[in-house]
Amino acid sequence: MNAPVTNINIIGEEFADNPWPALKALREQGPVVWHKGYQRWLITTDRDIRKVALNSDRFTVEGTVVEDLFGADAFIAMDDRARHNDFRGVWAESFRPQAMASLRGDVAEIIAELIKPVAEKFHSGEAVNISLALCRPLPTMVIALMMGVPRERLADIVQWSDALAGGSTSYVDEASKQQIIENREQAKTALADYMLELLKQRRQSPGSDLISLIAREAATKKFPDQQIVQNLRQLLFAGNETTAKWLDHIFLTYGQYTDARREITADRSLIRGANEEVMRWQGVVGTLPRKVRGGAIVVAGVELGDGDDVSCVLASGNRDAARYQNPDEFDLHRIASPNLGFGVGMHNCLGANLARLEAEMVVNALFDVIPDYEISAAYHYSSLPLRGPAPVTIARV
């Protein structure tokens with residue numbers, strides 16, 4: 001079967017604001033499309049994205065941009081299941097729903113601290129950039145709390161995180177690209193150095209935080225510190241960057257859909273499902289890189305060659321009409337169906353339950369003090385691989 005070919009710039013700035021028509025056109029071309037410019041296969045449908053993501057034997061994350069960003073020894077970048085589980089398994093219990101229940105009090109305190117000045121400005125008639133005041137600091141403060149990072153280092157964590165994400169989410173001219181790469185490498189090194197410092201401290205004086213867990217875990221003692229540090233760096237970055245962008249999407253959506261917001265404020269039981277619908281409708285992680293290994297393989301009638309690069313376009317799969325009725329509509333009452341927003345397979349998001357807890361609690365808390373608002377300033381979207389709107393600025397209606 002001859003594969004359809006495209007050259008559409010799906011990570012371009014002009015595409016970020018409204019990628020959905022182009023992604024629909026891609027799906028209509030076929031579930032597997034060759035991108036001539038990127039020299040990689042695009043997997044466009046929910047069904048085939050799941051097939052690829054679940055087949056870690058034949059579609060590897062190793063040797064992709066994930067490895068470049070986090071390091072080859074970060075569990076998100078390895079397909080050796082035993083080694084992957086050695087690292088991820090240390091923290092798995094800490095992110096289960098039961099563990100999240102014990103975290104609610106701490107999260108509530110952080111939210112209350114952040115929302116107080118937001119509410120004061122709002123009620124005094126000021127417009128408030130909640131991306132900066134709420135969506136960005138909340139997940140950073142929560143994951144830092146879990147890891148035992150002191151408050152006085154939070155500004156450094158945010159700065160390093162922004163630099164790590166910059167290369168995949170910012171639109172810049174050619175002259176600025178080299179600086180972005182340099183900033184990213186400097187941030188990777190600085191964050192790794194700081195994680196190593198904390199790791200050594202916890203070995204001397206362990207506590208109940210996530211760094212202490214991995215410091216005393218028998219399964220990881222066979223690994224060099226550099227490998228452990230790569231996993232700590234991954235955990236800290238992933239624990240704040242994606243959640244912050246999801247919160248931006250959530251509050252922007254509820255600011256745009258007035259009737260839905262008012263229905264949610266009247267019935268708070270709708271929040272969790274509504275947040276999930278935002279994740280489906282306006283997801284954060286738009287593409288999932290993979291590479292074929294172990295020989296050629298056929299996907300949806302198209303033969304992919306050994307070593308070929310592949311992108312599972314999660315943003316496309318989440319708008320697939322074969323899975324969702326009226327997929328381009330934001331439907332507050334959509335019947336629950338697991339979407340691709342938190343990934344699928346062995347590398348699904350470890351912190352999904354934490355992100356859901358933070359999102360549910362912060363929406364509840366904001367609606368308690370600001371039940372009615374409008375979006376009051378222009379915003380822009382970052383690139384499809386890690387997509388979010390900013391700044392989300394709210395004001396009185």
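Normalised by residue count, segment 260-382 yields a Cα convex hull volume of 137 Å³ per residue.
Do any chymotrypsin sites (Phe, Trp or Tyr not before Pro) in segment 1-44 lie in a loop, going by DSSP, with at most 16 other beta-carbon atoms within 10 Å of their beta carbon, and if so which? Passing sites in segment 1-44 are TYR38. Ranking ALA119, ALA108, ASN55 by how far each Cα lies toward the positive end of the dipole of the chain (charges on Cβ) leaves ASN55 at the top. Annotation: for a label point projected 7 angstrom from Cα along Cα→Cβ of LYS121, no residues of segment 206-250 have a backbone N closer than 11 Å.
What segment 190-282 shows is 38 Å² of accessible area per residue, with the surface traced by a 1.4 Å probe over protein heavy atoms.
For the pairs LYS188/LYS291; LYS24/LYS51; LYS200/LYS291; LYS222/LYS291; LYS51/LYS177, note any where the Cα-Cα span goes beyond 26 Å.
Violating the 26 Å limit, Cα to Cα: LYS200/LYS291; LYS222/LYS291; LYS51/LYS177.
Could you order ILE335, ILE115 so the one with the most accessible surface comes first? Probe is 1.4 Å.
Largest to smallest exposure gives the sequence ILE335, ILE115.
Ranked from largest, the principal axis spans of the Cα set of segment 183-321 equal 55, 49, 32 Å. Ordered by solvent-accessible area of protein heavy atoms (1.4 Å probe), largest first, the residues LYS291, LYS116, LYS188 come out as LYS116, LYS291, LYS188. Taking amide H as placed 1.01 Å from N in the peptide plane, ARG40 has its amide H under 5 Å from the amide H of HIS35, each at least 5 places away in sequence or on another chain.
Between GLU185 and HIS380, the distance separating the two model label sites (each 7 Å from Cα on the Cα→Cβ line) works out to 2.6 nm. GLU182 contributes about 80 Å² of solvent-accessible surface, heavy atoms of the protein only, 1.4 Å probe.
Within the listed set ALA22, ALA352, ALA101, the Gaussian network model of the chain (springs between alpha-carbon atoms below 10 Å) gives the highest mean-square fluctuation for ALA101.
Rg and Dmax, both from the Cα atoms of the chain and both in Å, are 20.9, 64. Here MET141 sits with roughly 20 square angstrom of accessible surface, probe radius 1.4 Å. For ASP308, the amide hydrogen comes within under 5 Å of the amide hydrogens of VAL292, counting only partners 5 or more places away or on other chains and with H modelled in the peptide plane.
The values are calculated or read from the model by the stated rules, or taken from the named source; none is laboratory data. This is a predicted model, so every value here is computed, not measured. With ideal geometry, Cβ positions are generated from the backbone for all residues, glycine too; neighbour counts draw on all protein chains shown. These area figures cover heavy atoms from the full protein model, side chains too; ligands, DNA and RNA do not enter into them. Shrake-Rupley method; radii C 1.70, N 1.55, O 1.52, S 1.80 Å.
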